[in-house]
1. Of the residues 270, 237, 285, 244, only one is outside the structural domain of residue 125 (by TED's automatic domain parsing) and surrounded by fewer than 20 Cβ atoms within 10 Å (Cβ to Cβ); which?
2. Going by the structure shown, is residue 277 touching a helix residue (DSSP H, G or I) at 6+ places or on another chain (Cβ under 8 Å), in a loop (DSSP other than H, G, I, E, B) and surrounded by 17 or more Cβ atoms within 10 Å (Cβ to Cβ)?
3. Taking the range 13-37 as the region of interest, how many residues are outside any helix (DSSP H, G or I), over 21 Å from the mean Cα position of the chain (by Cα) and either loosely packed, with under 14 Cβ neighbours inside 10 Å or in contact (Cβ under 8 Å) with a residue 40 or more places away in the chain (or both)?
4. Among the residues in the range 196-208, are any more than 20 Å from residue 282 (Cα to Cα), free of Cβ contacts under 8 Å to residues at least 40 places away in the same chain, in contact with a strand residue (DSSP E or B) (Cβ under 8 Å, 6 or more places away or on another chain) and not in a loop (DSSP other than H, G, I, E, B)?
5. Counting just the residues of the range 110-133 that are without any contact (Cβ under 8 Å) to a residue 40 or more places away in the chain and part of a strand (DSSP E or B), which one comes out surrounded by the fewest Cβ atoms within 10 Å (Cβ to Cβ)?
6. With 107, 100, 40, 70 as the choices, which residue is within 21 Å of the chain's Cα centre (by Cα), surrounded by fewer than 19 Cβ atoms within 10 Å (Cβ to Cβ) and closer than 25 Å to residue 244 by Cβ?
7. So residue 214 clears everything in (1) more than 24 Å from residue 285 (Cα to Cα); (2) out of contact with any strand residue (DSSP E or B) (no Cβ under 8 Å at 6 or more places or on another chain); (3) surrounded by fewer than 16 Cβ atoms within 10 Å (Cβ to Cβ) except one condition, right? Which one?
8. Is there any pair linking a residue in the range 210-225 that is over 15 Å from residue 190 (Cα atoms) to one that is assigned to a loop (DSSP other than H, G, I, E, B), with Cβ under 8 Å and at least six apart or on different chains, and which?
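The values are calculated or read from the model by the stated rules, or taken from the named source; none is laboratory data. Because the structure is a prediction, the values reported are computed rather than measured. Cβ placement follows ideal geometry from the backbone for every residue including glycine, while neighbour counts extend to all protein chains displayed.
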């Protein structure tokens with residue numbers, strides 16, 4: 001008999017993640033604000049639900065992968081939120097990029113509801129999600145992490161434990177996204193400098209990604225920046241700006257000066273201010289931003 005789990009959030013990451021869970025033998029009770037997106041899934045292996053509460057009813061685990069802290073709060077604690085549907089002892093695995101403070105609040109809400117919460121944000125673009133190559137960071141009580149192992153192993157290439165403090169994995173996720181932003185800015189400036197100096201920016205990018213910077217971020221993102229290829233959109237600039245804002249808020253909460261975080265934040269804010277938040281990838285916020293300033 002198929003094991004049922006709830007699954008909420010059918011965005012660019014959610015769709016391939018849901019497909020992998022189905023392939024692993026799970027039947028999904030799915031909810032998404034735009035229900036039409038569920039058409040991308042095997043209809044015999046899903047039950048489409050009209051509310052988050054319904055998606056969380058009668059299952060031991062419900063996964064959320066949504067874009068905003070405020071949206072997640074509503075999905076969890078709203079009138080038709082998952083807390084209204086979850087059985088005592090059931091587990092909510094939150095895989096969204098959110099603040100540590102949001103995770104802490106949600107964990108408190110679950111404790112009051114006699115349900116469980118695990119922070120499990122992911123690293124990887126949609127193609128990595130489709131290939132089960134996500135890196136999954138987790139934090140929370142040991143017994144909760146243990147009960148989530150089977151499901152998480154169906155989604156990624158590795159699960160890394162960052163301790164018992166609920167928000168730990170969320171801080172790691174934000175720190176990692178900031179490091180990607182910093183790399184995007186560095187590549188955009190370096191390859192534009194090469195172009196302005198009469199060199200082939202793609203040749204320069206290939207050299208660095210094959211030698212000094214032979215790692216996925218410089219290889220995968222670098223080829224897009226070098227070629228000025230910013231379509232199709234894998235991650236909207238608006239969502240990148242949201243993440244940059246969360247990183248900056250986290251730094252301020254920790255009383256840590258963060259000049260480079262501020263630069264990345266402003267780069268993404270500029271893209272949103274120019275009306276590119278929803279029709280541009282976050283890579284373009286850096287690549288196009290630097291090119292425009294350089295006049296190329």
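1. 270
2. For residue 277, the condition - touching a helix residue (DSSP H, G or I) at 6+ places or on another chain (Cβ under 8 Å), in a loop (DSSP other than H, G, I, E, B) and surrounded by 17 or more Cβ atoms within 10 Å (Cβ to Cβ) - is met.
3. So the answer is 3.
4. no
5. The selected residue is 116.
6. Selected residue: 70, the only one of 107, 100, 40, 70 that is within 21 Å of the chain's Cα centre (by Cα), surrounded by fewer than 19 Cβ atoms within 10 Å (Cβ to Cβ) and closer than 25 Å to residue 244 by Cβ.
7. So residue 214 meets the others, but not (1).
8. Here the result reads 220/125, each pair linking the range 210-225 to a residue that is assigned to a loop (DSSP other than H, G, I, E, B).
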